[in-house]
2 protein chains.
Amino acid sequence: MQLLNSKSRVLSGSRQQAAAKAVRVAPSGRRSAVRVSAAVHLDFNTKVFQKEHAKFGPTEEYIVRGGRDKYPLLKEAFKGIKKVSVIGWGSQAPAQAQNLRDSIAEAGMDIKVAIGLRPDSPSWAEAEACGFSKTDGTLGEVFEQISSSDFVILLISDAAQAKLYPRILAAMKPGATLGLSHGFLLGVMRNDGVDFRKDINVVLVAPKGMGPSVRRLYEQGKSVNGAGINCSFAIQQDATGQAADIAIGWAIGVGAPFAFPTTLESEYKSDIYGERCVLLGAVHGIVEALFRRYTRQGMSDEEAFKQSVESITGPISRTISTKGMLSVYNSFNEADKKIFEQAYSASYKPALDICFEIYEDVASGNEIKSVVQAVQRFDRFPMGKIDQTYMWKVGQKVRAERDESKIPVNPFTAGVYVAVMMATVEVLREKGHPFSEICNESIIEAVDSLNPYMHARGVAFMVDNCSYTARLGSRKWAPRFDYIIEQQAFVDIDSGKAADKEVMAEFLAHPVHSALATCSSMRPSVDISVGGENSSVGVGAGAARTEFRSTAAKV
Amino acid sequence: MQLLNSKSRVLSGSRQQAAAKAVRVAPSGRRSAVRVSAAVHLDFNTKVFQKEHAKFGPTEEYIVRGGRDKYPLLKEAFKGIKKVSVIGWGSQAPAQAQNLRDSIAEAGMDIKVAIGLRPDSPSWAEAEACGFSKTDGTLGEVFEQISSSDFVILLISDAAQAKLYPRILAAMKPGATLGLSHGFLLGVMRNDGVDFRKDINVVLVAPKGMGPSVRRLYEQGKSVNGAGINCSFAIQQDATGQAADIAIGWAIGVGAPFAFPTTLESEYKSDIYGERCVLLGAVHGIVEALFRRYTRQGMSDEEAFKQSVESITGPISRTISTKGMLSVYNSFNEADKKIFEQAYSASYKPALDICFEIYEDVASGNEIKSVVQAVQRFDRFPMGKIDQTYMWKVGQKVRAERDESKIPVNPFTAGVYVAVMMATVEVLREKGHPFSEICNESIIEAVDSLNPYMHARGVAFMVDNCSYTARLGSRKWAPRFDYIIEQQAFVDIDSGKAADKEVMAEFLAHPVHSALATCSSMRPSVDISVGGENSSVGVGAGAARTEFRSTAAKV
């Protein structure tokens, strides 16, 4: 029943072979120091839903197909649940609560979906406007809702979770289910040396898109087949034997066309890691380095911005989104391919160095501890904006005058960017994450979700408007990517170092390309739309990250 | 007998007043979130040496005066010690071993001073050339020396200590004394959840200069009164009742004109913190930001380098070294004072933000854990050089053509640099470090030891040639200072934000200025000399940090 993580069970014969094969087909040329962790082994035992096999690159994973036709199954999946409380009102909560309420109604069930808020939360009126109300008990104080619910979906910020979890866990009914949309709390609890109460279920559903998209695509899904945001899901603890079905029911209920199994541990590591790498931190760092390089080489500020930032967040991202990373490379003529190869070869290993450091800082608990410490300093040191520097003012001007069709695809920029993306991928692969997760946390979230927002508003603006965890991480690691790319990659290139054939061969043959193709076949049929420069659409990195508004840290 | 740390004893009446006074005279205007820790309380009970009071700013500390006339006291201090083994042959070991051997001979004692090396160490010949020999037992394998010695001075690299300490501790004789020149090992052992064996003494002596200086000034001390390198010392564990006298005897024996008490914890925190801040990391980060700013404003590359790096490592450092930070400010005319004030005000708080983050990452064990993890990745990801970027090539040219008398004292550069130095100071003060330590780890080591090396060879070269711990830390934090100064301070300045009167008033009235004056009165009478561009004099940040050569990580 329980979703197993790699440490808790010996692999069965056939899966052991699959894992061994995954190692065997791994890119060659790695030094002896590399230890490829056992592939995360993800099986789960659903009594209600149908498991399917899917081939992601060299490995097989189970998946579950969602869709509106599965809503009748929610009755069985949610058996015994009378009240679901969604705690918080950030990015995810309004979307997930409304979607679940609609799906439950569609299935003809009478489960109450309620919202829990702090007494002084500024969000009461907004929740009321969405149809939640004090009078019918669907809107109330956090701990009252928690103690009266059979299923508690905790969507307050990471910082608030870190602070409040002892009270939250204590308030839950025995046999109830705790739902998380991010594994961050597990990391916090590990640092604190504590575990979840054994008499509750603990599950995760992490939608691969921001809250507003989760709601918008769900609504489109009523008329457009296949619209919705995919989710990963995990069963951390199954006290009642029903945890997997509750988790999958939750994923399908919020509108996932496909649901991919993971573990809380795998989810928080890949998620916190990914946003520090190519999703946010790395992309910010490298465009700063590229912009400086291009202006020093004589480009005008506007041109340098186009050849770096615009190139990545526009055409390069779109090509990767629809046709994959190899297509970016293959789109170049021979001369530009050479430029790409040199930039890629020189950047890949320095980027991989920082990616490893980030992963191990996340896995060791360092990164989470630093976030918790930073939040405790916010009263004295609130995070300032980072998008007011010279470069980002140039960017504002460039975007205002943008002709989308004229944005260049710079082969040098593409080489550096794709190298950083591949480095992000490769560390997750070596650390044993499933390919569905690798693709989502390194590529799909970048090109389908974050880069389009960056394209509309700027990379630094995007960082300034993310969750604390993502924002702190991006501010911490962007400069590291910037420095190492300038200190190592650019120095190598300028000294005329040739492209590394082995590194290029590994890129061209990497199993992620076919895994990404599988993921693409499971893409929602409707694109995630993005607001423009003056749009009020909320932004936030990390699909599942949520905020308890700006007062999160004070909760 | 034991050197107490702040947690282990209630302050006595008079010292309680002193601590309270220290808080009272602290710079005002701090927000309520600021908790000023109790001043580190440092008393020690020597039966052999004389304690003196010294007033450092608002607080009093004990000190011990050294000098050649104290060598006869070594007989009593080292009573019962027949053999001292110095383990390693990095920066500190040759200096400390030879100085101790000379001092012991001078005192007419027959203690054997020996060297312990790995069997495959490349340093055997060098140690032999310094008079240590296998035949008389003063040169031998590490663990043989440890198990046959009454006093083991462990001067192998941080990385090697982290790896080998269980074997080293196990090999020691009961009742023997373990001597460290850096508290790093305590941080590692805390992360590992273990403590020192209870049947040994554990003490620290940390010379405030690099190994070659420790030897050179000791030799000069034979003819020049007061030449020698000051040391801090600490008693972590006193199993025999003799630990304080062994520690002070060690400090005086290696040539300290003055010895200042601290604790292992206070030492490693301030040391690892300091090198990440103004000593290495911060100074690197801010000169990168300043160089970019000046070139963007239209200066030539050479001029920008002079107005940023040269200005700091040359005249600004020399003024601080001899006359203090206020003198830098007071040396400007009214117009330049305004520029300094604006740069200082805008930079201080952003720098303080990063300094707090660094301190808390050090104190929580994160930073040490990251260093240990990085060293484990060295086989695959060795640290590359960082001094080959465009800016540092400009620097090479500027240094080659340098006319020392024409290096400008740029008031903007001075404002940013002094702000970062004061931020480094202020966090240590708020965290309760004694002023002798604050001055040494934030100011004196910078202007008397590291900046002169940087002036000779470049900031990035200095970083490339430090211990792993310092180098990793500098690579990690330099970019953070760079980004926050550009993102916050420069943006404020360019938007015309006026100087902050309160921040300036705090700077002018800060107690560190008078504490630094006290420290200056205890300066060695001979300056630490520095090699030029092609000198083969070893460099290394962190007075006490040592390397087991380049193979340290493999030990």
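Filter the range B:338-354 down to the residues that are hydrophobic (A, V, I, L, M, F, W, C) and more than 10 Å from chain A (Cβ to nearest Cβ), then identify the one that is farthest from B:ALA282 (Cα to Cα).
B:ILE339
Just wondering, is there one or more residues in the range B:282-295 that are in a loop (DSSP other than H, G, I, E, B) and either surrounded by 24 or more Cβ atoms within 10 Å (Cβ to Cβ) or modelled with pLDDT under 95 (or both)? Even if it seems obvious, please write down each step before you answer.
Step one: of the range B:282-295, the residues in a loop (DSSP other than H, G, I, E, B) are none.
Looking through the range B:282-295, none of the residues is in a loop (DSSP other than H, G, I, E, B) and either surrounded by 24 or more Cβ atoms within 10 Å (Cβ to Cβ) or modelled with pLDDT under 95 (or both).
Among the residues of the range B:197-245, write down those that are open to solvent by less than 40 Å² (accessible area, probe 1.4 Å) and farther than 24 Å from B:GLU441 by Cβ.
Once the filter is applied, which keeps residues that are open to solvent by less than 40 Å² (accessible area, probe 1.4 Å) and farther than 24 Å from B:GLU441 by Cβ, the range B:197-245 yields B:ILE200, B:ASN201, B:ASP238, B:GLY241, B:ASP245.
If the requirement is being under 29 Å from the mean Cα position of the chain (by Cα), more than 13 Å from every other protein chain (Cβ to nearest Cβ) and open to solvent by 30 Å² or more (accessible area, probe 1.4 Å), which of these qualifies: B:ALA499, B:ALA517?
Details: B:ALA499 fails: under 29 Å from the mean Cα position of the chain (by Cα).
When all the criteria are applied, what remains is B:ALA517.
Return the residues of the range A:467-480 that are under 18 Å from A:TRP392 (Cα atoms) and open to solvent by less than 10 Å² (accessible area, probe 1.4 Å); say none if nothing qualifies.
Filtering the range A:467-480 for residues under 18 Å from A:TRP392 (Cα atoms) gives A:471, A:474-475, A:478-479.
Within the range A:467-480, A:SER474, A:ALA478, A:PRO479 meet the criteria.
Is it fair to say B:SER525 is out of contact with any Leu (no Cβ under 8 Å at 6 or more places or on another chain), modelled with pLDDT under 90, open to solvent by 60 Å² or more (accessible area, probe 1.4 Å) and in a helix (DSSP H, G or I)?
Numbers: out of contact with any Leu (no Cβ under 8 Å at 6 or more places or on another chain): yes; modelled with pLDDT under 90: yes; open to solvent by 60 Å² or more (accessible area, probe 1.4 Å): yes; in a helix (DSSP H, G or I): no.
Taking the combined requirement at face value, the residue does not satisfy it.
Do any helices (runs of 4 or more DSSP H) lying entirely in the range B:66-175 carry at least 3 residues that are surrounded by fewer than 19 Cβ atoms within 10 Å (Cβ to Cβ), and which ones are they?
Numbers: elements: B:74-77, B:92-106, B:124-129, B:142-147, B:158-171.
Of the helices (runs of 4 or more DSSP H) lying wholly inside the range B:66-175, those with at least 3 residues that are surrounded by fewer than 19 Cβ atoms within 10 Å (Cβ to Cβ) span B:124-129, B:142-147, B:158-171.
Any residue at all in the range A:430-453 that is open to solvent by 20 Å² or more (accessible area, probe 1.4 Å) and more than 20 Å from A:ILE316 (Cα to Cα)?
As a first pass, look at the range A:430-453 and keep what is open to solvent by 20 Å² or more (accessible area, probe 1.4 Å): A:431, A:444, A:448, A:452.
After this cut, where a residue has to be more than 20 Å from A:ILE316 (Cα to Cα) as well, the list is A:431.
Looking for residues that are open to solvent by 20 Å² or more (accessible area, probe 1.4 Å) and more than 20 Å from A:ILE316 (Cα to Cα), one finds at least one in the range A:430-453, hence yes.
Does the range B:419-429 contain any residue that is in contact with an Asp or Glu (Cβ under 6 Å, 6 or more places away or on another chain), open to solvent by 10 Å² or more (accessible area, probe 1.4 Å) and part of a helix (DSSP H, G or I)?
Looking only at the range B:419-429, we keep the residues that are in contact with an Asp or Glu (Cβ under 6 Å, 6 or more places away or on another chain), and these are none.
Checked against the condition, which is being in contact with an Asp or Glu (Cβ under 6 Å, 6 or more places away or on another chain), open to solvent by 10 Å² or more (accessible area, probe 1.4 Å) and part of a helix (DSSP H, G or I), the range B:419-429 yields no hits at all.
Any residue in the range A:441-458 that is touching a helix residue (DSSP H, G or I) at 6+ places or on another chain (Cβ under 6 Å), within 14 Å of chain B (Cβ to nearest Cβ) and touching a residue at least 24 places away in the same chain (Cβ under 8 Å)?
yes
Kindly provide the set of residues from the range B:465-480 that are within 11 Å of chain A (Cβ to nearest Cβ) and more than 22 Å from B:LEU290 (Cβ to Cβ), ordered by number.
Passing the criteria: only B:LEU472.
Consider B:GLU334 carefully, then state whether it is farther than 18 Å from B:ALA456 by Cα, away from every other protein chain (no Cβ under 14 Å) and open to solvent by 10 Å² or more (accessible area, probe 1.4 Å).
Details: farther than 18 Å from B:ALA456 by Cα: yes; away from every other protein chain (no Cβ under 14 Å): yes; open to solvent by 10 Å² or more (accessible area, probe 1.4 Å): yes.
When the stated conditions are applied, B:GLU334 passes them.
From the list B:LYS397, B:LYS393, which residue is surrounded by fewer than 17 Cβ atoms within 10 Å (Cβ to Cβ) and within 14 Å of chain A (Cβ to nearest Cβ)? So that I can check it myself, show each step before the final result.
Values: B:LYS397 fails: within 14 Å of chain A (Cβ to nearest Cβ).
Unique residue meeting the criteria: B:LYS393.
Looking at B:SER317, B:SER321, can you tell me which residue is more than 25 Å from A:GLU357 (Cβ to Cβ), surrounded by fewer than 22 Cβ atoms within 10 Å (Cβ to Cβ) and within 22 Å of the chain's Cα centre (by Cα)?
Values: B:SER317 fails: surrounded by fewer than 22 Cβ atoms within 10 Å (Cβ to Cβ).
Criteria check complete, one pass: B:SER321.
It is to be established whether one or more residues within the range A:165-174 are touching a residue at least 24 places away in the same chain (Cβ under 8 Å) and under 20 Å from A:ASP110 (Cβ atoms).
Within the range A:165-174, one or more residues are touching a residue at least 24 places away in the same chain (Cβ under 8 Å) and under 20 Å from A:ASP110 (Cβ atoms).
Mind listing whichever residues of the range B:361-389 are within 9 Å of chain A (Cβ to nearest Cβ) and within 13 Å of B:GLY187 (Cα to Cα)?
Across the range B:361-389, the qualifying residues are B:ASP361, B:SER364, B:GLY365, B:ASN366, B:GLU367, B:LYS369, B:SER370.
The values are calculated or read from the model by the stated rules, or taken from the named source; none is laboratory data. Note that the structure is a prediction, hence the values are computed from the model and not measured. Cβ atoms come from the backbone with ideal geometry, glycine included; neighbour counts cover every protein chain shown. In case anyone asks, the SASA skips ligands and DNA or RNA and just uses the protein heavy atoms, side chains included. Shrake-Rupley method; radii C 1.70, N 1.55, O 1.52, S 1.80 Å.
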